[in-house]
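Novice: If you scroll down you'll find the structure; I have some questions about it.
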Amino acid sequence: SMLLTDLAYPAAWRDEAAAVAGALKRYDRYIVCGHAHLDGDALASVTAAGFLLRALGREFVLYSPYGVPAYLEFVERPASVYTSLARLPFTPQCVLALDLGTPSRLGDELGALLPSLACVNVDHHPGPGMGTVANMIRPEAAATAQLLASVIHASGADFTPAMASALMTGLITDTGGFRHSNTGPEVLALASELSLRGADIHAIRECLDKTWTIPRFRLWSRLSAKVSTAASGAVAICSCTLDDLGSTTTTQEDCEGFVERMLSLKGVRIAALLKEQDPGKTSFSLRAAGDSDVAAIAAVFGGGGHVKAAGGTIALPADEAENELLAAILRTAPKPL
């Protein structure tokens, strides 16, 4: 129905979507990328954009310095993903940067090349955007995939099942399976549109959920035993050390989702998971429930993100980093927690 279409492709985004679609017809050769470590929304956006560029008859490479995470391998792609820019099949003219708004999140290799190329930027993180040709920066969007749907719609290209399936993966991952507070009527209208165009929510969920290994089970068991709470149970915090990964033969990727699991504890308003990267460097992920704002806490350590989900890095071993982070949470979070 008309109502569904108006919700799925909001009028407020129409001009910017048309500008991005127009920019994608201006050049012949593109590098399509997300933030350096791809998540579901970034990969979904990169993939759908690749299908769109193919439909528009443009040359492109999909680029990610760390490749595609194993849990997202199931997403059908229009081309293989380059992990290096050393041997591109052409001289690129334009970067299509998706699900990030600052050059620092591109990784060093592409970051160094960026100033010499045109840039089109589509993102749902707050910020000015870095597009030199077109910018579509909409923090009210639940996912960059949601914005890209409007771009595809504006381009006049055929909306294929492969595009729809990729975008649905981005919607599912960035809304926590349509459970987070960013799941508004527009998201549900777009999900309906995408399912009409061949995306199977159940099949995608199966691919995302049926990925558990025994080592991952063991790691979560180990981490669950280490979770501690503070502020009368309003804060949950846990560290994953290199020893935890080594003892269970797991990788950082196996931590994916654990911080959300901590947030499901009754009474917890802020969940914090620390991940030791090397003996003197620990990254952290923060999640908030209710009216808590974790972006402000991440900013204390030079990190960032959304009000409800943020992260950063602390140049300390895991146990010391945990103490520093907890102190910052207790100091920065609104009282009473």
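Novice: What are the principal axis extents of the Cα atoms in the range 169-265, in Å, biggest first?
Specialist: Sorted from largest, the Cα extents of the range 169-265 read 46, 34, 15 Å.
Novice: Out of the range 216-302, which trypsin sites (Lys or Arg not before Pro) are coil in DSSP terms and have no more than 12 other C-beta atoms within 10 Å?
Specialist: Answer in residue order: 266.
Novice: So for the chain: antiparallel DSSP bridges make up what percent, rounded to the nearest 5?
Specialist: The antiparallel fraction comes to roughly 40 percent.
Novice: I've got another one for you. Sketch the reach of a paramagnetic label on residue 307 as a point 7 Å from Cα along Cα-to-Cβ, and name the residues of the range 125-140 whose backbone nitrogen lies under 20 Å away.
Specialist: Once the point is set 7 Å along Cα→Cβ of residue 307, 125-129, 137-140 turn out to lie under 20 Å by backbone N, inside the range 125-140.
Novice: Magnitude of the Cβ-charge dipole of the chain, K/R +1 and D/E -1, about the Cα centre, nearest 20 debye?
Specialist: Here the size comes out at about 180 debye.
Novice: Let me ask something else. What part of the accessible area of the chain, given as a whole %, is carbon or sulfur when the probe is 1.4 angstrom?
Specialist: Carbon and sulfur: 53 percent of the exposed surface of the chain.
Novice: Then there is this: Taking a temperature of 20 °C and a viscosity of 1.002 mPa s, what whole-number D in µm²/s does Stokes-Einstein yield for the range 18-61 with Rh from Kirkwood over alpha carbon pairs?
Specialist: Stokes-Einstein gives a translational diffusion coefficient of 197 µm²/s.
Novice: Let me ask you something else. Quick one: pull the percentage of alpha-carbon pairs in the chain with a separation above 38 Å.
Specialist: Across the chain, Cα pairs with separations above 38 Å total 16 percent.
Novice: Please list 37-44, 188-195 highest first by mean number of surrounding beta-carbon atoms within 10 Å per residue.
Specialist: 37-44, 188-195
The values are calculated or read from the model by the stated rules, or taken from the named source; none is laboratory data. This is a predicted model, so every value here is computed, not measured. Cβ: placed from backbone, ideal geometry, glycine included. Neighbour counts: every protein chain shown. Ligands, DNA and RNA are stripped out before the accessible areas are found, and what is left, the full protein with its side chains, is counted by its heavy atoms. Shrake-Rupley method; radii C 1.70, N 1.55, O 1.52, S 1.80 Å.
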